[in-house]
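Reading through the structure tokens given below for one structure.
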Amino acid sequence: GESLGNLSTQVSAFRVATASGEMLEIDEQHDRDLLLAARVSLGLLGIVTAIRMRLLPAYFLHERQWRVPIDQCLAELPELIRANRHFEFFWYSATDLAHAKALNPVTASRAEDLAARELPEGERVDRNYRIFPTVRTNRFIEMEYAVPAEAGPACFLELRQLMRTRHAHIAWPVEYRTLAADESWLSVAYQRPTVTLSIHQGATLPYQEFFQDAEAIFRAHDGRPHWGKLHSLTTPQLRALWPRWDAFQEIRARLDPEGLFLNDYLRGLFASSAY
């Protein structure tokens, strides 16, 4: 199977309103470095007013979901990742089962053929935009780290041990999925094939101790935190994880010298002593 990148890897151009009011056209022909900085910019470079993306015509996906003991899932993991365009699993501590999900494109005629039959439990075929979204009806708090792909299984096994011993009360699952390497400067998958691991806790329940212990495991495996989810890293720790951190900062300072686009969270991570 092919390994796909973040959605941002398919962006080929931006139009951005900068802090000075200039409308900036960003694409590979004019300034590739700026495009690679802008693809994952956290809103720090300006207000994006237009995006050009590489797209496919609408197509059909065949979804298959099943449950399997986690040891079996881990043994089959390389083949499951190779054989499916999208593969992920959710592992539940209480049962030690992996809830696996695979998505694969099918032609319109094949989709029609499958839809005409009674599909086995856990399978469905529909247009891609109906299959991709997942309904989340319960509020939760989440931490997600991206580790080098080769570290994924070992990192997961340490999380599993942590959750079955010190934090056995956590009912929410660990999510495990893969991500292709890319060139976006602040991407969690910058220049390395990646496995992302997510942990969760109910929104009204205590999470701090569990997340702190899990974060130590993520960090031990060279994990990079998801920018939009909980983490405790400071500027020096983040800078060590992203080789183009300083280059991004130079572009940010050039496009927004007064720090107009810094909010409280971003100011703590990206601001220099000038602010």
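Rounded to the nearest 10 degrees, the inclination of helix 208-220 to the longest alpha-carbon principal axis of the chain is 80 degrees.
Over the chain, the Kirkwood radius and the radius of gyration, each from Cα atoms, give a ratio Rg/Rh of 0.99. Angle of helix 152-165 to the longest C-alpha principal axis of the chain, folded into 0 to 90 degrees and rounded to 10: 70°.
If I take R0 = 35 Å and measure r between the Cβ atoms of residue 121 and residue 4 in this structure, what FRET efficiency does the formula 1/(1 + (r/R0)^6) give, to the nearest 0.05?
0.80
For segment 131-275, the share of DSSP beta bridges that are antiparallel, to the nearest 5, is 95%. At 222 nm, what value in deg cm²/dmol follows for the chain if DSSP H runs of at least 4 each add -39500 (n - 2.57) and the sum is divided by all its residues, to the nearest 500? Dividing the helical sum by the residues of the chain leaves -9000 deg cm²/dmol.
Under the simplified labelling scheme, the residue 230-residue 104 pair shows an inter-label distance of 3.8 nm, with each label point 7 Å from Cα along Cα→Cβ. Inter-label distance, residue 114 to residue 205: 3.3 nm, where each label sits 7 Å from its Cα along the C-beta direction. Placing R0 at 45 angstrom, the Cβ-Cβ distance between residue 19 and residue 191 gives a FRET efficiency of 0.95 after rounding to 0.05. Taking only the Cα atoms of segment 1-160, the ratio Rg/Rh comes out at 1.05, with Rh defined as the Kirkwood radius. The alpha-carbon atoms of segment 150-275 define a convex hull whose volume equals 118 cubic angstrom per residue.
Placing +1 on each Lys and Arg Cβ and -1 on each Asp and Glu Cβ, with no other charges, gives the chain a dipole about its Cα centre of roughly 300 debye. Put simply, segment 107-200 fits an ellipsoid with semi-axes of 31, 21, 13 Å; these come from the alpha carbon gyration tensor as the roots of five times its eigenvalues, largest first.
Straightening the chain between residue 157 and residue 246 buys 28.7 nm, computed as 0.36 nm per residue apart minus the Cα-Cα spacing.
Under a Cβ-Cβ cut-off of 12 Å, what is the net charge of the residues other than residue 266 that fall near it, where Lys and Arg count +1 and Asp and Glu count -1? Don't jump to the answer; show the numbers that get you there.
Numbers: positive: 252, 267; negative: 256, 264.
Overall, the nearby charge balance is 0.
The numbers here are math on the coordinates, done by the rules we state, and not lab data. Note that this is a predicted model, so its numbers are computed, not measured. Positions of Cβ are generated from backbone atoms using ideal geometry, with glycine treated the same way; all protein chains shown enter the neighbour counts.
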